[in-house]
Amino acid sequence: MFPFERQNKIIHLLDQNNKITVPELSRILDVSISTIRNDLSSLEESGMIKKVHGGAVLLKSEEKFTNFNDRIIRNIEEKETIAKEAATLVKNNQTIILDASSTALALAKELHGFTRLTVITSGLYTAIELKDNPNISVILTGGIVTTNSFTLEGILGSNLIENIHADVCFMSAKGFTMEEGLTDFNIYETELKRLLAKRTNKLVALLDHTKMGVISTASITAAENIDLLITDSKINRVLYKKFQDAGLPVKIAE
């Protein structure tokens, strides 16, 4: 098991139990106590947990664990601006992929005026948003429903995904750098995103300025696989120039 996989399991265990001890983690994950201590130190340095005597507790206030309803309203103006720009890329008769992000949900709300469109999504809120539009066929990827996130996780729907082909995939993430590409915290959701990103002609990253220069636990796809990155006008200009110099197509939504 890779360190990021083990650390992700630690977070899931803490999310379920509030507090857990080092010996318990050592037994559950079948690794040494020194390895667990190193993992906890790494997670604490990342601001995800707090080490306490004999174990650790989860920092519930951390943005990574904010429920989906809270994330919908975070940076809402920037997300809506990005969504409007992204909607201009969608054409009649296309098949598109939307991940389960709050930015993709904002894009779903912009999908009107089409006579025929197929949307494949891992987001329950996104599917609900589109379900009453008679001109849009909605396909859910399948998977496990995550508490407080309205997200389908895992690769239970991999057989379905391997048999689809989309014109455009719109995807957000926890972070993006040129070196690490798109990254996210949840390894199970990341696995699904990785599959979806491979089943499209064009991959469009929807990332507000707070995601730039951020590296999270697991990689989704390399920067070179992104056909277009849409962000907002608050992007750090040094990073923006770095992206341009590296040949990454970046569109600032106004």
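Values as computed for the structure displayed
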quantity: Candidates Phe185, Phe176, Phe243: whichever shows maximal mean-square fluctuation once the chain is modelled as a Gaussian network with Cα springs under 10 Å; calculated: Phe243
quantity: Mean accessible surface per residue for the chain, computed with a 1.4 Å probe while every protein chain stays in place, in Å²; calculated: 48
quantity: Violating pairs (Cα-Cα greater than 30 angstrom) within the set Lys50/Lys242; Lys51/Lys174; Lys109/Lys193; Lys9/Lys234; Lys50/Lys251; Lys50/Lys84; calculated: Lys50/Lys242; Lys9/Lys234; Lys50/Lys251; Lys50/Lys84
quantity: Carbon + sulfur, % of accessible area of region 160-254 - ligands and nucleic acids excluded, 1.4 Å; calculated: 46
quantity: Fraction of the pair-distance distribution of region 78-201 above 24 Å, Cα-Cα pairs, percent; calculated: 21
quantity: Candidates Lys91, Lys198, Lys241: whichever shows maximal mean-square fluctuation once the chain is modelled as a Gaussian network with Cα springs under 10 Å; calculated: Lys241
quantity: For region 94-109, 3J(HN,Hα) per residue [Karplus equation, 6.51 cos²θ - 1.76 cosθ + 1.60, θ = phi - 60°, Hz, x = Gly/Pro]; calculated: 8, 10, 10, 10, 10, 6, 9, 6, 5, 6, 5, 5, 4, 5, 4, 6
quantity: Percent RCO, i.e. relative contact order, over the chain, from Cα pairs under 8 Å lying at least 6 residues apart; calculated: 14
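The values are calculated or read from the model by the stated rules, or taken from the named source; none is laboratory data. Treat the numbers as computed from the prediction; the structure is a model and nothing was measured. Note: areas computed on protein heavy atoms with side chains; ligands, DNA, RNA excluded. Shrake-Rupley method; radii C 1.70, N 1.55, O 1.52, S 1.80 Å.
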